[in-house]
Amino acid sequence: MPHKFTITTLGCKANQCDGSEIARSLERLGLRPAPAPGEADLNIINTCCVTHKTDYQSRQLIRRTIRENPAAAVVVTGCYAGRAAEELTRIPGVDLVLGNREKDLIPGKIRDILRFPGSKSQGENRSIIPPGPAVPAGRTRAFYKIQDGCNSSCAYCVVPGVRGESRSLPPVEVVKGIAALGEAGYAEVVLTGIHLGAYGADLRPAASLMDIVEWAGTQRPVERIRLSSLEPTEIPPNLTDFMTAGSILCPHLHVPLQSGDDRILRAMGRPYTASFFRDRILRLFSRLPDLALGLDVIAGFPGEDEEAFQNTVHLLEELPLAYLHVFPFSRRPQTPAWDLPDQVDEREKNRRAKLLRDIGERKKGDYLKRFIGRELSVLVEREGENGLSRGLAENYLPVLLEGAPSPGGRIVKAVLKGLKAGRAYGSVG
């Protein structure tokens with residue numbers, strides 16, 4: 001009987017892609033997915049360390065998995081494993097700790113742990129980028145990691161230390177991967193990376209994200225392409241030209257703002273000003289009024305007084321947001337922000353975060369209301385509730401649909417009928 005495994009992943013889309021690639025490599029070895037950790041011979045925890053909360057969640061998940069199945073082998077990998085390997089190795093029941101730079105070694109190491117016949121290890125592959133797209137089972141959208149690592153030095157961020165320098169998958173591999181996903185029946189591919197806007201700068205000859213977008217727009221290997229996140233300084237001037245009606249690129253951007261105060265932006269190591277950010281975003285909306293814009297914001301960075309916080313509030317109020325991701329500042333060891341003076345009290349950070357989330361919810365509601373009575377292209381993802389199906393519109397609106405085809409995976413035209421408790425409802429026409 002083949003060995004069974006589970007992989008549980010915390011954190012970003014890039015980490016989700018890594019988990020999918022590990023699963024695919026284990027299945028090539030003959031292992032089979034288990035429905036739950038308690039039924040597995042091997043449990044892999046793919047960790048995150050972006051905040052102290054995710055550190056805690058990673059440790060909690062490891063210990064719970066060991067309690068549920070103490071007989072199974074346990075491998076810990078991911079960003080937290082790269083930062084705190086010694087700490088994690090000391091947890092009773094952990095068999096192996098491998099950071100991001102060692103994820104490609106997992107299949108070979110598993111042979112040793114589970115006493116596989118044959119060779120005991122595989123050669124190292126430090127590219128960190130899988131040779132093809134990894135698609136989680138049961139998904140109707142494919143997340144394709146085409147870039148990893150980061151060369152930036154934001155004062156609050158541990159990512160460069162645990163992910164390494166920016167590395168890109170060559171364009172010839174990217175286009176082959178997207179085409180393969182289209183042939184496999186996926187209607188939407190989400191291009192993702194740790195620093196997606198830096199895609200191709202490390203290659204020789206250099207490439208760019210727009211090279212991939214332009215190729216996809218010409219060849220149409222899938223129905224639509226979505227970008228996971230772009231820095232404000234790296235949004236191509238002609239990007240909105242590829243987001244117009246009938247184009248392949250979804251009219252959706254996720255952009256990290258982090259603060260609306262110039263002094264705090266400088267302290268964070270962010271390479272722009274609040275006015276630059278405002279002008280760049282408003283210029284996008286002048287060309288594409290229906291653009292879905294999501295922002296990241298940090299509340300309570302060291303030195304953020306009430307005036308600085310209000311500058312962020314005022315900037316957010318000016319911008320036509322679709323949603324907002326808010327993070328209370330989390331001190332990370334081995335980052336410049338760890339030792340900065342004027343650390344903000346935890347209670348005050350949480351108060352500010354709540355105020356920002358309230359703005360985000362209000363803006364989200366306003367954005368949703370604009371589309372009532374309008375027709376959108378919706379990817380049917382899965383069965384929802386009360387006979388309705390769950391879907392995702394091209395502008396990132398989650399929609400509950402009546403009359404949708406089953407099973408999911410198809411893009412349909414649907415008219416939004418209204419909102420209930422902040423959720424959009426529609427029907428396939």
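The values are calculated or read from the model by the stated rules, or taken from the named source; none is laboratory data. A quick note: this is a predicted structure, and the numbers were derived from the prediction, not measured. Reconstructed Cβ throughout: ideal geometry from the backbone, glycine too, with neighbour counts over all protein chains shown. Protein only, heavy atoms only, side chains kept; ligands, DNA and RNA dropped before computing areas. Shrake-Rupley method; radii C 1.70, N 1.55, O 1.52, S 1.80 Å.
Could you tell me which numbered condition residue 204 fails, if it satisfies all but one of (1) charged (D, E, K, R); (2) farther than 29 Å from residue 407 by Cα; (3) touching a strand residue (DSSP E or B) at 6+ places or on another chain (Cβ under 6 Å)?
The single condition residue 204 does not satisfy is (3).
Being of a type in the set (Val, Ile, Thr) and part of a loop (DSSP other than H, G, I, E, B) is the filter; apply it to segment 210-240 and report the residue that is nearest to residue 252 (Cα to Cα).
Taking segment 210-240 and keeping what is of a type in the set (Val, Ile, Thr), we get 212-213, 218, 222, 225, 233, 235, 240.
From the residues that got through so far, the ones that are part of a loop (DSSP other than H, G, I, E, B) too are 222, 235.
On the way: 222: 17, 235: 12 Å.
Ranking the candidates gives 235 first.
For segment 1-22, how many residues meet the condition of being open to solvent by 20 Å² or more (accessible area, probe 1.4 Å) and among the hydrophobic types (A, V, I, L, M, F, W, C)?
4
Answer yes or no: is there a residue in segment 316-330 that is buried (at least 20 other Cβ atoms within 10 Å of the Cβ), on the phi > 0 side of the Ramachandran plot and among the small types (Gly, Ala, Ser).
no
Restricting to segment 390-412, what's the tally of residues that are crowded, with 17+ Cβ neighbours inside 10 Å, closer than 14 Å to residue 426 by Cα and modelled with pLDDT under 90?
Of the residues in segment 390-412, 1 are crowded, with 17+ Cβ neighbours inside 10 Å, closer than 14 Å to residue 426 by Cα and modelled with pLDDT under 90.
On the given criteria, is residue 265 closer than 14 Å to residue 155 by Cβ and either surrounded by fewer than 16 Cβ atoms within 10 Å (Cβ to Cβ) or at pLDDT 95 or above (or both)?
Yes.
Being over 25 Å from the mean Cα position of the chain (by Cα), modelled with pLDDT of 95 or more and under 19 Å from residue 50 (Cβ atoms) is true for just one of 340, 324, 295. Which residue is that? Before the answer, list the steps.
Details: 324 fails: over 25 Å from the mean Cα position of the chain (by Cα); 295 fails: over 25 Å from the mean Cα position of the chain (by Cα).
It is 340.
Exactly one of (1) open to solvent by less than 70 Å² (accessible area, probe 1.4 Å); (2) not in a helix (DSSP H, G or I) is unmet by residue 367. Its number?
Unmet condition: (2).
Of all residues in segment 67-90, how many are surrounded by 19 or more Cβ atoms within 10 Å (Cβ to Cβ) and either on the phi < 0 side of the Ramachandran plot or assigned to a helix (DSSP H, G or I) (or both)? Reasoning before the result, please.
First, pick out the residues of segment 67-90 that are surrounded by 19 or more Cβ atoms within 10 Å (Cβ to Cβ): 69, 72-84, 88.
Within this subset, residues satisfying the condition of being either on the phi < 0 side of the Ramachandran plot or assigned to a helix (DSSP H, G or I) (or both) are 69, 72-77, 79-84, 88.
Final tally of qualifying residues: 14.
Residue 38 is checked against (1) assigned to a helix (DSSP H, G or I); (2) of a type in the set (Gly, Ala, Ser); (3) open to solvent by less than 40 Å² (accessible area, probe 1.4 Å); (4) more than 19 Å from residue 158 (Cα to Cα) and fails just one. What number does that condition carry?
With respect to (1) assigned to a helix (DSSP H, G or I); (2) of a type in the set (Gly, Ala, Ser); (3) open to solvent by less than 40 Å² (accessible area, probe 1.4 Å); (4) more than 19 Å from residue 158 (Cα to Cα), residue 38 is out only on (3).
Of everything in segment 230-242 that's touching a helix residue (DSSP H, G or I) at 6+ places or on another chain (Cβ under 6 Å) and open to solvent by 30 Å² or more (accessible area, probe 1.4 Å), which residue is nearest to residue 296 (Cα to Cα)?
Of all residues in segment 230-242, those touching a helix residue (DSSP H, G or I) at 6+ places or on another chain (Cβ under 6 Å) come to 230-232, 234, 236, 240, 242.
Right, trim to open to solvent by 30 Å² or more (accessible area, probe 1.4 Å) and you get 231, 234, 242.
Details: 231: 11, 234: 16, 242: 24 Å.
The selected residue is 231.
Enumerate the pairs (first residue in segment 77-99 and of a type in the set (Asp, Glu); second residue anywhere and not in a loop (DSSP other than H, G, I, E, B)) with beta-carbon separation below 6 Å, excluding pairs fewer than 6 apart on the same chain, so at least 6 apart or on different chains.
95/73; 95/74; 95/113
So which of 201, 206, 245 is open to solvent by 20 Å² or more (accessible area, probe 1.4 Å), over 22 Å from the mean Cα position of the chain (by Cα) and modelled with pLDDT of 95 or more? Break it down into steps so the answer makes sense when it comes.
Details: 201 fails: over 22 Å from the mean Cα position of the chain (by Cα); 245 fails: modelled with pLDDT of 95 or more.
Exactly one of 201, 206, 245 is open to solvent by 20 Å² or more (accessible area, probe 1.4 Å), over 22 Å from the mean Cα position of the chain (by Cα) and modelled with pLDDT of 95 or more, namely 206.
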